[in-house]
Amino acid sequence: MRCSIQGCPGHYEHREVVHTLRRGTEIFVFERVPAEVCSVCGDTLLAPETVRHLEALLRGAGKPARTAPVYEYS
């Protein structure tokens with residue numbers, strides 16, 4: 001599928017990405033998320049079922065696989 005960004009000649013290809021989500025003061029990082037990524041500009045699309053799965057993971061949020069420090073750039 002061609003990229004949806006105007007003027008970009010790229011095509012979307014299936015990849016696994018790291019998706020970061022902020023909810024209030026909490027930051028969630030999901031690894032190995034299936035996505036369509038433009039080969040030229042990097043525009044990323046998540047399928048509706050992928051978004052629903054991420055939301056379900058957050059609703060039943062148990063203990064994360066790992067934790068990471070978060071730094072503020074100042």
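The values are calculated or read from the model by the stated rules, or taken from the named source; none is laboratory data. These numbers come from a predicted model, not from an experiment. When we count neighbours, we look across all protein chains shown, and the Cβ atoms used for this are built from the backbone with ideal geometry, even at glycine. The accessibility values were calculated without ligands, DNA or RNA, using every heavy atom of the protein model including side chains. Shrake-Rupley method; radii C 1.70, N 1.55, O 1.52, S 1.80 Å.
Any chance you could count how many residues in region 50-74 are of a type in the set (S, T, N, Q) and exposed (fewer than 14 other Cβ atoms within 10 Å of the Cβ)? Outline the logic, then answer.
Within region 50-74, the subset of a type in the set (S, T, N, Q) is 50, 67, 74.
If we keep only those that are exposed (fewer than 14 other Cβ atoms within 10 Å of the Cβ) as well, we get 67, 74.
Total satisfying the criteria: 2.
Looking only at region 50-74, count how many residues are within 11 Å of the chain's Cα centre (by Cα) and touching a residue at least 24 places away in the same chain (Cβ under 8 Å).
Let us first name the residues in region 50-74 that are within 11 Å of the chain's Cα centre (by Cα), namely 50-51, 54.
Okay, now just the ones that are also touching a residue at least 24 places away in the same chain (Cβ under 8 Å), so 54.
The number of residues fulfilling the criteria is 1.
With GLU16, GLU31 as the choices, which residue is in contact with a Pro (Cβ under 7 Å, 6 or more places away or on another chain) and part of a strand (DSSP E or B)? It would help to see each step written out before you state the result.
On the way: GLU31 fails: in contact with a Pro (Cβ under 7 Å, 6 or more places away or on another chain).
Exactly one of GLU16, GLU31 is in contact with a Pro (Cβ under 7 Å, 6 or more places away or on another chain) and part of a strand (DSSP E or B), namely GLU16.
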Failed criterion for CYS8 (all others in (1) within 20 Å of THR67 (Cβ to Cβ); (2) assigned to a loop (DSSP other than H, G, I, E, B); (3) not hydroxyl-bearing (Ser, Thr, Tyr) hold): (1)
Name the residues in region 7-49 that are touching a residue at least 12 places away in the same chain (Cβ under 8 Å), more than 8 Å from the chain's Cα centre (by Cα) and open to solvent by less than 50 Å² (accessible area, probe 1.4 Å), would you? CYS8, GLY10, TYR12, PHE28, VAL37, CYS38, ASP43, ALA47
Does at least one position in region 41-48 carry a residue that is modelled with pLDDT of 95 or more and within 16 Å of ALA68 (Cβ to Cβ)? no
Quick check on region 13-28. Is at least one of its residues at pLDDT below 95 and of a type in the set (A, V, I, L, M)? yes
Suppose the filter is assigned to a strand (DSSP E or B), of a type outside the set (A, V, I, L, M, F, W, C) and touching a His at 6+ places or on another chain (Cβ under 9 Å); does GLU36 pass it? yes
